[in-house]
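The values are calculated or read from the model by the stated rules, or taken from the named source; none is laboratory data. Treat the numbers as computed from the prediction; the structure is a model and nothing was measured. Cβ: placed from backbone, ideal geometry, glycine included. Neighbour counts: every protein chain shown.
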Amino acid sequence: MKILFVYPQIPVTFWGFKYALKFISKKAASPPLGLLTVAAMVPEAWEKRIIDMNTSRLKDKHLRWADYVFISGMELQRRSAREVIDRCKNLGVKTVAGGPLFTIERSDFDDVDHLFLGEAEDTFPQFLEDLKNGHAQHVYQAHEFPDVTKTPIPLWRIINKKKYSLMSIQYSRGCPFNCEFCNVTMLNGHRPRTKTKEQILGELDALYNWGWHDAVFIVDDNFIGNKKKLKNELLPAIARWMEAHRYPFTFSTQVSVDLADEDELMQLMIEAGFQTVFVGIESPHEASLYECAKQQNVNRDLIDSVKRIQQYGFEVQGGFILGFDNDPESIFVRLAEFIQNTGIITAMVGLLNAAKGTRLYSRLEAENRLIDKTSGDNTDFSLNFIPKMDYHTLVHGYKNVLATIYSPRHYYERVQNFLKDFKPPKLRPMYFRFIHIKAFLRSILYLGFIGKEKLHFWRLFFWSLIKRPAVFPAAVSYAIQGYHFRRVFEKYVKGIS
């Protein structure tokens, strides 16, 4: 049997880092973890190939080669997934599809030959058995959340690692919180299910032995959902593994803001090699946090919480949302000031959207306020419901926030303010590769001589080189990331001051 795994194309987005990746000659940020995990469940004797459309062109000859095309994706990839399925149908190739897009929008993809709804660990073996016996079903649906200790090590060897800037692994699924706008609990449950420490160490071994010695993103929606297991089992084990292997990885992940209350947990994460955490802050306006049931963010000084996490040696990335019913018109200035005062360099600010399967979607549907599907892109200026705030006021205010926080002056000021107090943990030996030299030279050319930020770039360059040489590589890296963010938003904020 010949299986072709296809990952649909992702449009240019905030998190895609398309414009930054060009500095290091990479095609995409990370490979499709879900497809690589399913690939590990496919019988070893079957032939397997993968086309990630974000790194390679999908040609008809690839599709004709396959007996089955396996497709996965998110809402953001809806259009590309539809095109792939139509091409397969025209060529007479059977399709198998699963993942968030197909679980949430099953009715739009009923022409797929075999659909997997929900997680696949329990249903995929049944599909293989049915396929062997010649009566594979149209729909396979998980009726309960599977035990992730059964999940195999992703089949990384079928991808070209040179095309990616980081690799991804998963420790847990599910989140203990239940924010109104989020569909994580619908997709993965309210109780975090975790892999064993042996599984995670096995995945780190596999990455290391495969030759990957670089950034690793732990994709959990809330990595600290089970703090007890992290403290007592996983993090000490990772720290020992990292020390024994001379710190080949740097880790990043997503956490809730209550990490700031956990000194022991933060210290253990630093010792294990974590450098970056993404925190869903959403809003500095407490009434909006109550509205969306972001209980973990209320009754606390959010600026102080961010600063506490930063003081341990983390870069804090932040997610923010505009368009809550309780947002006042002053929210735009207040949010821009919050981002600037916290020194959150990477601030993803998006308009609120109601994803299918969320409590927000149900509420707005009952209020007859839904007008469209979500695009799946947090930052593309789309809005799929009628907001309480005047629409034009909301969109104009959103543009002003982006034009402010990603203007060269504000962005570089934020970088310098963060780096002047930042104390990076001294765990990992400094490795310089050719791609780092290439990125450095390109940054000088494009940011120091061609770009709009020339003056700000050179100020940061010499300030970090002379006064804080320990953070000089980070300063250059943040300058490159800022270039990407401005390129993503420039078409939207043109003319906004």
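Here is a list: Gly273, Gly313, Gly343, Gly357. Which entry is on the phi > 0 side of the Ramachandran plot and outside the structural domain of Phe251 (by TED's automatic domain parsing)?
One residue alone meets the criteria, Gly357.
Considering Glu243, Glu286, which residue is farther than 30 Å from Lys388 by Cα and surrounded by fewer than 19 Cβ atoms within 10 Å (Cβ to Cβ)?
Glu243
Name the single residue, out of those in region 456-465 being surrounded by fewer than 21 Cβ atoms within 10 Å (Cβ to Cβ) and in contact with a Phe, Trp or Tyr (Cβ under 9 Å, 6 or more places away or on another chain), that is farthest from Val395 (Cα to Cα).
Looking at the filtered set, the residue picked out is Leu465.
Are any of the residues in region 226-243 under 19 Å from the mean Cα position of the chain (by Cα) and not in a helix (DSSP H, G or I)?
No, every residue in region 226-243 fails to be under 19 Å from the mean Cα position of the chain (by Cα) and not in a helix (DSSP H, G or I).
Identify the single condition in (1) in contact with a Ser or Thr (Cβ under 9 Å, 6 or more places away or on another chain); (2) within 30 Å of Lys22 (Cβ to Cβ); (3) surrounded by 14 or more Cβ atoms within 10 Å (Cβ to Cβ); (4) not hydrophobic (A, V, I, L, M, F, W, C) that Asn160 does not satisfy, given that it satisfies every other one.
Here Asn160 clears every test but (3).
Would you mention how many residues in region 203-218 are in contact (Cβ under 8 Å) with a residue 60 or more places away in the chain and surrounded by fewer than 18 Cβ atoms within 10 Å (Cβ to Cβ)?
Of the residues in that region, 1 qualify.
Yes/no matrix, rows are residues, columns are (1) in contact with a His (Cβ under 7 Å, 6 or more places away or on another chain); (2) surrounded by 15 or more Cβ atoms within 10 Å (Cβ to Cβ); (3) among the polar types (S, T, N, Q); (4) part of a helix (DSSP H, G or I):
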{"position": "Leu63", "(1), (2), (3), (4)": "no, yes, no, yes"}
{"position": "Leu76", "(1), (2), (3), (4)": "no, yes, no, yes"}
{"position": "Arg79", "(1), (2), (3), (4)": "no, no, no, yes"}
{"position": "Arg87", "(1), (2), (3), (4)": "no, yes, no, yes"}
{"position": "Asn90", "(1), (2), (3), (4)": "no, no, yes, yes"}
{"position": "Thr103", "(1), (2), (3), (4)": "no, yes, yes, yes"}
{"position": "Asp108", "(1), (2), (3), (4)": "no, no, no, yes"}
{"position": "Asp111", "(1), (2), (3), (4)": "no, no, no, no"}
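From the set of residues in region 2-24 that are farther than 15 Å from Tyr164 by Cα and either in the same structural domain as Tyr446 (by TED's automatic domain parsing) or not in a loop (DSSP other than H, G, I, E, B) (or both), which is farthest from the chain's Cα centre (by Cα)?
Within region 2-24, the match that is farthest from the chain's Cα centre (by Cα) is Lys2.
Do you know which of the residues in region 466-497 that are loosely packed, with under 14 Cβ neighbours inside 10 Å and within 24 Å of the chain's Cα centre (by Cα) is nearest to Leu21 (Cα to Cα)?
Once the filter is applied, the top-ranked residue is Glu490.
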